[in-house]
1. Amide H of B:Ile200 versus every other amide H placed in the peptide plane: which residues, excluding those fewer than 5 positions away on the same chain, fall under 5 Å?
2. For B:His9, what residues show an amide H to amide H distance below 5 Å, using hydrogens built from the backbone and excluding near sequence neighbours?
3. Using all Cα-Cα distances in the stretch A:208-255, what percent lands in each 10 angstrom bin from 0 up to the longest?
4. Using a ≥ b ≥ c from the Cα gyration tensor of the stretch A:1-90 (square roots of the eigenvalues), is it rounded, prolate or oblate, where a/c under 1.5 gives rounded and otherwise the larger of a/b and b/c decides, a/b for prolate?
5. At each listed q (0.08, 0.12, 0.13 Å⁻¹), what is the log10 of I(q)/I(0) that the Debye formula gives for the stretch B:107-263 modelled as equal alpha-carbon point scatterers?
6. Show me, for the stretch A:105-118, the HN-Hα J-couplings you get by feeding each phi into the Karplus relation (A = 6.51, B = -1.76, C = 1.60, θ = phi - 60°), rounded to Hz, glycine and proline as x.
7. Any idea what Rg and Dmax come out to for the stretch B:99-163 if you just take the C-alpha atoms, in Å?
8. At 1.4 Å probe size, with every protein chain present, just tell me what the per residue accessible area of the stretch A:125-199 comes to in Å².
Amino acid sequence: MSRGSNILAEFLRGLGQATFFLLTIVRALPGALLRPRLIVQQLYHVGVLSLIIIVISGSFVGMILALQGYRTLSHFGATSTLGVFVSFVVVRELAPVVTALLFAGRAGSALAAEIGLMKATDQLSGMEMMAVDPVKRVIAPRFLAALIAMPLLTSIFAVMAIGVAGGHLIGVDLLGVDQGTYWGQIHAELRPHDVVESLIKSLFFGIVIAWISVYQGYFAAPTSEGVSRATTSTVVVSSLIVVGLDFVLTAFMFR
Amino acid sequence: MISPDSDIHVRVRGLRFSFGPRVIYDGVDLDIPRGKITAILGPSGTGKTTLLRLIGGQWRPKSGSIEVDGVNVHKQSRSQLFELRKRMGLLFQSGALLTDLSVFENVAFPLREHTDLPESMIRDLVLMNLEAVGLRGARELYPEQISGGMSRRVALARAIALEPALIMFDEPFTGQDPISMGVLIRLVRTLNKAQGLTSIIVSHDVKEVLSISDYAYVISGGKVLDHGTPEAIRASRSEYAQQFLHGRPDGPVPFHYKASKNYADDLLESVE
Ligand SMILES: Nc1ncnc2c1ncn2[C@@H]1O[C@H](COP(=O)(O)OP(=O)(O)OP(=O)(O)O)[C@@H](O)[C@H]1O
Ligand SMILES: [Mg+2]
């Protein structure tokens with residue numbers, strides 16, 4: 001009982017601290033926007049360096065979906081709708097969710113570790129003593145870069161999965177679905193608001209991952225163990241929140 | 001203590017501070033005279049670094065006040081505190097260089113953040129400051145490629161880049177060979193004479209620090225044990241000061257971190 005309430009108290013304290021921290025970051029965002037060079041630098045770190053894993057995963061997810069979908073659809077003689085099947089699943093669910101999970105593992109963990117180490121080696125207090133606010137100089141640009149990167153990476157994931165290498169490669173080039181039908185069906189069935197909803201999801205996931213990783217890094221205990229714990233928590237907590245939040249968002253969007 | 005009010009750059013009154021149950025300061029009064037070099041001496045783990053962080057406003061005292069230029073550091077808003085810090089340099093014990101920036105960019109960092117100087121001017125200032133600490137040739141290197149002593153010298157170059165009025169050195173001489181030590185000592189003294197910089201030097205190298213300082217405080221166990229000019233400290237008959245100056249393990253300053261049991265009991269205690 002008391003252990004349970006301790007955990008609850010600890011959780012609420014953390015939540016309060018994280019919320020307050022988020023407000024501090026949001027207040028620092030306008031200032032960060034005035035220094036695009038810092039954001040571009042971080043975009044490279046969280047975005048460009050995540051590209052490979054996103055491109056490869058997107059391609060394989062698309063190929064797997066095409067294989068699985070083709071088998072099922074052929075029972076109903078509906079293989080011409082393969083494009084619709086792949087694109088619906090990818091755009092509505094897999095692109096935002098899988099990208100978010102990969103992003104948390106690749107970029108979120110790196111952010112938390114980097115910030116945690118900066119703290120442990122006095123770099124953050126060093127900045128403070130030079131009258132430079134680490135939230136403005138270090139946290140805000142990283143937060144923004146993660147926000148911007150998520151929808152972009154999600155789009156790249158979707159394009160790879162549906163078109164370039166994934167569904168198209170297996171469905172059209174290997175299994176012989178007509179190319180015109182593949183794209184025509186997608187064009188006819190996939191509505192713009194599917195795409196918009198997908199991007200909204202990815203934006204939400206981006207906020208969650210960016211928030212959790214900078215929070216975990218900034219409030220890590222300044223030790224090797226503290227940094228390692230921050231890194232792990234970032235991946236675990238982000239992943240759980242992403243899948244939970246996905247359910248909530250999906251429920252709202254398909255009312 | 002010394003001279004009239006305006007000559008006091010940092011004034012500490014009734015300072016109390018603790019980490020949890022461990023009391024670090026228990027009612028300390030200090031006056032740091034303006035334009036002078038003041039040494040803070042004391043055994044390892046007494047709270048010298050803590051004192052500098054308190055003066056810099058990173059930590060908050062439990063009670064008492066710290067005034068810099070007559071302004072209470074802990075009664076400022078965050079932006080006021082940052083204004084105050086622009087005129088303050090703190091040289092961290094670890095150097096605290098930014099690891100993703102080169103030596104050059106580290107020294108340029110405060111200039112880029114706080115001034116709109118053209119690139120050519122920044123370059124000149126950085127090179128001048130690096131030259132002063134003998135590291136102009138190392139400007140392309142990254143912090144992981146230089147030694148601990150070099151890091152501290154880079155940090156010094158960075159700390160003086162904005163020409164602060166007050167600079168606090170945390171163990172600036174640790175890890176320096178006799179030659180760099182001599183250069184650093186001369187540099188600190190030159191800065192002090194030429195720019196009227198107020199310097200606080202925390203150090204274990206008692207002989208070296210006393211040789212350049214104008215005033216010295218000896219702290220231990222949360223109290224000021226002795227203070228005065230270097231001559232007075234050297235001549236002091238206080239057991240504390242003498243023990244510290246001559247590095248004797250026994251005396252009023254305990255070498256050991258306080259333990260709850262005595263040594264024999266601790267060893268004899270059977271393992272459950
Ligand atoms: N973040 C912290 N949390 C808890 N205790 C701390 C913390 N930082 C320092 N201490 C304790 O405060 C005391 C003073 O630390 P401080 O770093 O100020 O010592 P110091 O005088 O600078 O020592 P040294 O000469 O070895 O650098 C130490 O005994 C240490 O155990
Ligand atoms: Mg120290």
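1. For B:Ile200, the qualifying residues are B:Thr38, B:Ile167, B:Met168, B:Phe169.
2. Here B:Ile32, B:Arg34 satisfy the definition.
3. Final binned percentages: 27, 40, 20, 10, 2.
4. Note, shape of the stretch A:1-90 comes out oblate.
5. -0.31, -0.64, -0.73
6. Karplus values, whole Hz, x for Gly and Pro: x, 8, 8, x, 5, 5, 4, 4, 5, 4, 5, x, 5, 4.
7. In Å, with Rg to one decimal and Dmax whole: 10.7, 32.
8. Numbers: 2850 Å² over 75 residues.
Accessible area per residue, the stretch A:125-199: 38 Å².
The values are calculated or read from the model by the stated rules, or taken from the named source; none is laboratory data. Note that the coordinates shown come from a computational prediction; the quantities given were computed from them, not determined experimentally. In this analysis, Cβ positions are derived from the backbone assuming ideal geometry, glycine residues included, and neighbour counts consider all displayed protein chains. Ligands, DNA and RNA are stripped out before the accessible areas are found, and what is left, the full protein with its side chains, is counted by its heavy atoms. Shrake-Rupley method; radii C 1.70, N 1.55, O 1.52, S 1.80 Å.
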